[in-house]
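Okay, so here's the structure we're looking at.
The values are calculated or read from the model by the stated rules, or taken from the named source; none is laboratory data. These figures come from a predicted structure and were not determined experimentally. Neighbour counts run over all protein chains shown; Cβ positions are idealised from the backbone, glycine included. Remember, those area values only see protein heavy atoms, side chains included, never the ligands or the DNA or RNA. Shrake-Rupley method; radii C 1.70, N 1.55, O 1.52, S 1.80 Å.
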Amino acid sequence: MTVVKSTLPDEARRVSCEALQDTLVDLLGLSLIGKQAHWNVVGPRFRSIHLQLDEVVSAARAQADTVAERAAALGVPPDGRPETIAKVFSLPAPAQGWLRDTEAVRVMTQALGAAITRLRERIDATEKADLVTQDLLISITAELEKQRWMFEAENVPGES
């Protein structure tokens, strides 16, 4: 059943919605990784990293909503069900249990880096299909790159 009919040609819609669905999974997964780390981070930088993790979670959740609404506007129902996320999510994630502050930063830097790499592939894929979706993916990439930079700066070694 199609509730909304997109103005995009079918192939462009397919490419765009595939990119959007994959991005939705990554963003929802990032929000879960961020919360898991948020709840379990320990160490001398606990407070700053704890708060920074919430920033990532908030950004990922807000962007996930925008991505899902874009897919719906194109006539494809977004799938953010837990079983879908569990089945296809593949970004780096923290181990179970307490997480040293340096390890939380490392995991978030890796997860954000992997998500950014995949987003850049989707940006390329949507260039001819749908510039509106591409623009959305570009803005999400900019936000995730900012978050990655902030985490990466946390683990720069001090001067000897």
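Here are a few things to note about the model shown:
- Among (1) more than 18 Å from GLU55 (Cα to Cα); (2) at pLDDT below 95; (3) aliphatic (A, V, I, L, M) - the single one ILE123 does not satisfy: (2)
- All conditions in (1) farther than 23 Å from GLN52 by Cα; (2) open to solvent by less than 10 Å² (accessible area, probe 1.4 Å); (3) within 14 Å of the chain's Cα centre (by Cα) hold for VAL107, with the sole exception of (1).
- Pairs where the first residue, in region 72-100, is at positive phi and the second is open to solvent by 40 Å² or more (accessible area, probe 1.4 Å), C-beta under 6 Å, 6+ apart: GLY75/THR2; GLY75/VAL4; GLY75/LYS5
- Considering residues of region 88-104 that are crowded, with 18+ Cβ neighbours inside 10 Å and within 16 Å of the chain's Cα centre (by Cα) only, the residue nearest to GLN21 (Cα to Cα): LEU91
Conditions tested, residue by residue: (1) part of a helix (DSSP H, G or I); (2) surrounded by fewer than 19 Cβ atoms within 10 Å (Cβ to Cβ); (3) out of contact with any Leu (no Cβ under 7 Å at 6 or more places or on another chain); (4) aromatic (Phe, Trp, Tyr).
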site	(1), (2), (3), (4)
THR117	yes, yes, yes, no
ARG120	yes, yes, yes, no
ILE123	yes, yes, no, no
LYS128	no, yes, yes, no
VAL132	yes, yes, yes, no
GLN147	yes, no, no, no
MET150	yes, yes, yes, no
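- Complete set of residues in region 43-71 that are over 16 Å from the mean Cα position of the chain (by Cα) and either loosely packed, with under 15 Cβ neighbours inside 10 Å or part of a loop (DSSP other than H, G, I, E, B) (or both): GLY43, PRO44, ARG45, PHE46, ARG47, SER48, LEU51
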